[in-house]
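The values are calculated or read from the model by the stated rules, or taken from the named source; none is laboratory data. These figures come from a predicted structure and were not determined experimentally. Here the Cβ positions follow ideal geometry from the backbone for every residue, glycine too, while neighbour counts run over all protein chains shown. Protein only, heavy atoms only, side chains kept; ligands, DNA and RNA dropped before computing areas. Shrake-Rupley method; radii C 1.70, N 1.55, O 1.52, S 1.80 Å.
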Amino acid sequence: MPILSRRPAATLAAVLLALTCLAAPAEAGDEPSPARPVPAIERLPYEVDPSNQAGWWRPLDSFQGVSYVAYNAPASTAGQHEVHLASRAADGTWTTACLPAASGGCVTYGDDIGHNQPSIVVDGDGRIHAFVSMHNHRWRYYQSTRAGDVTSMAEAAAQLPDRDLFFTYPVTVRGTDGDAYVLARADQDAQRTRSGRLYRFDTATDTWSRAAVVASARDHAFYPDDLQVDGLGRVHVLWEWGPWPSTALRHLGSYAVYDPADGSFRDAAGDPVTVPVGPDAGAPIVYQPFAEGETVHSPSPAVQTAKLAVDGQGLRGIAYRYRPGSQGGTFVGFDVRHATWNGSAWTLETVVRNGDGGFPVDNSATIGVTHAGPSTRIYFVAEAGGCGGVRSQAVMAERAAGQDTWAFSTLGEVRQGLQRLRAEDGRRGTDLLYLTAPYEGALWHATVPRAARPGVGEPFAAIAERLSRTTASGVNVALNATVTASSSLRAGTEGAKAVDGLCADDSRWISAQDDATPAITVDYGRQVPVHEVVVHSGYSRAATAGSDVLRDFTVEAHTAEGWRELGRIAGNTSGRVAVPGGGVTADQVRLLITDPSGNELDVARVYEIEVRTLT
């Protein structure tokens, strides 16, 4: 008897309507709706290098009506990059230049994805400071010789203290008095310590000094996350801890406040703090403590990148990525969280839970948060993996003061491949965004106005569904559809696995061993024009390439007149087969398999069946 596997049926009309509402770059003259902010998204006329990706760096600033961005650009030698700065004048004109080499031309650095990102800050005199391509390197620092002029950058590392140390992950900010700050990890590996150090550039004397060793502990590594300055001139410092010497998954999200007026540090409760702080500081320094059984060496739970939102009076919230349980890889399985201090304790809230809405959507190693007026915004990049590779889209979550729920809006288009972003607060009425798709070589500058009625949007589950269904060649209407399979090998290999959006060995429909002619039918519940049917099959650890894929099968579509053959495949050795639909209108697709594989265990092994429509 056929085995019927039920998954939640897609509400196709709603999905297709929602797809028409995917946010696209707005024209410069668009007027924002009073109900929903309309972003102005401008692609820069410059190419970025694939290494232009990380979650903690600060590649943008704005000063006196001019926007500044820094990015890694391709170098003439493979595996290397140049560092470029660009400025956007009030009239929209862009100017760009590379950081100069001593011998002439552009200085180049070796690619180190996730590490060698530039951070910039413009001080109160208009001087541009750039910290670039440091991963356990001595200071790599450039300074403009003319105010606001990206074409006048010059190497200036000799101006900085602690030149005998090696630095990583610089993050920057401008103080209310115009001074500039940089927070970085300093490597003292002989002592099995990698500490966090804060430095200050005094515009009155044009000199750098070390403000403090913020945090340090033997056998631990400090990971800078963010610096922000409130209206009182206090510098808010955010970091994570990992084991010495390094790790991709961190713990103990931590926070403190530096007051440059007297050089003191305080915790979230306003009580004095002695620095350097250690990982055992506890609350109210630590906003994300260890969970039961967690240690600094644990792969999960774990923290991975965080950002601060402050206003005129102080902290308004911390947005961060948190992995509550074990997952299959270093960068997957993260929730989006928000932490606030209620006056006596930290309140931790999950804004987006991994897999919300039943779709395989994660978020990438980047996050931003801003607060202005009545609302807080969290910016992140949603990622759908699946069989067609990574698809990503920038998302904004917004909530007004007094509201309980977050409303979500998309920013820009769905991209093939990953994206990274950085957001700056909108105390002047708009948020400023840096958005890059490094494997597309693309960089965008965006402004997001604040709506008259903040918090208007949609549930994240709706965005997750659209992103999961969107492919490079249409919308996959088969995702989570109803499936009827002739058999299954064992529990966990049912037909529903063939429409769950995942191409993983533990997420396949596998037919029973005694089923000589397996069949599987996908019923997506509505007649749509079929652009193509894509079948993914096989086994990642097959002894012989192509031996475990579907060998001979027929693809049929169910039309108003009955079943119609779309294509017949024979002698196949490819894990991906695309069969044109010819625009036939159908509500079901099925595979009739006459030769399941070339393996001795002759069963059908299907990762995913995608039914793609263009409408």
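To keep it simple, each residue is scored yes or no on (1) at pLDDT 95 or above; (2) under 30 Å from residue 304 (Cβ atoms).
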site	(1), (2)
34	no, no
56	no, yes
68	yes, yes
108	yes, yes
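Here residue 116 clears all of (1) modelled with pLDDT of 95 or more; (2) of a type outside the set (Lys, Arg); (3) buried (at least 19 other Cβ atoms within 10 Å of the Cβ) except the condition numbered (1).
When residue 29 is tested against (1) modelled with pLDDT under 60; (2) in a loop (DSSP other than H, G, I, E, B); (3) within 27 Å of residue 462 (Cα to Cα), exactly one condition is not met: (3).
Report whether or not residue 507 is open to solvent by less than 30 Å² (accessible area, probe 1.4 Å), outside any helix (DSSP H, G or I) and modelled with pLDDT of 95 or more.
Numbers: open to solvent by less than 30 Å² (accessible area, probe 1.4 Å): yes; outside any helix (DSSP H, G or I): yes; modelled with pLDDT of 95 or more: no.
For residue 507, the condition - open to solvent by less than 30 Å² (accessible area, probe 1.4 Å), outside any helix (DSSP H, G or I) and modelled with pLDDT of 95 or more - is not met.
The C-beta contact set for region 451-473 (first residue more than 11 Å from residue 357 (Cβ to Cβ), second residue modelled with pLDDT of 80 or more and polar (S, T, N, Q), distance under 7 angstrom, 6+ apart or interchain) comprises 454/375; 455/375; 455/403; 457/409; 469/476; 472/416.
Just so you know, in region 512-537 the residues that are outside any strand (DSSP E or B) and open to solvent by 30 Å² or more (accessible area, probe 1.4 Å) include one that is farthest from residue 474 (Cα to Cα), and it is 514. Restricted to region 111-146, and to residues there that are in a strand (DSSP E or B), in contact with a His (Cβ under 8 Å, 6 or more places away or on another chain) and in contact (Cβ under 8 Å) with a residue 24 or more places away in the chain, the residue that is farthest from residue 79 (Cα to Cα) is 122.
Checking each residue in region 55-65 for being over 12 Å from residue 171 (Cα atoms) and not in a strand (DSSP E or B) picks out 64, 65. Is it true that some residue in region 378-385 is open to solvent by 10 Å² or more (accessible area, probe 1.4 Å) and not acidic (Asp, Glu)? So far as region 378-385 goes, yes, one or more of its residues are open to solvent by 10 Å² or more (accessible area, probe 1.4 Å) and not acidic (Asp, Glu). Can you spot a residue in region 487-495 that is without any contact (Cβ under 8 Å) to a residue 12 or more places away in the chain and more than 23 Å from the chain's Cα centre (by Cα)? Within region 487-495, one or more residues are without any contact (Cβ under 8 Å) to a residue 12 or more places away in the chain and more than 23 Å from the chain's Cα centre (by Cα).
Within region 49-88, being among the β-branched types (Val, Ile, Thr) and farther than 20 Å from residue 129 by Cα holds for one residue alone: 77. Only a single item in (1) in a strand (DSSP E or B); (2) open to solvent by 30 Å² or more (accessible area, probe 1.4 Å) is not met by residue 370, and it is number (2).
Those strands (runs of 3 or more DSSP E) of region 428-477 in which 3 or more residues are touching a Leu at 6+ places or on another chain (Cβ under 9 Å) occupy 430-437, 442-449. Step by step: first the residues of region 416-438, then only those that are at pLDDT 90 or above and out of contact with any Pro (no Cβ under 9 Å at 6 or more places or on another chain), then the one that is farthest from residue 37 (Cα to Cα). Which residue is that? Across region 416-438, the extreme among qualifying residues is 437. Restricting attention to region 336-350, report how many residues are touching a strand residue (DSSP E or B) at 6+ places or on another chain (Cβ under 9 Å) and surrounded by fewer than 19 Cβ atoms within 10 Å (Cβ to Cβ). Number satisfying all stated conditions: 6.
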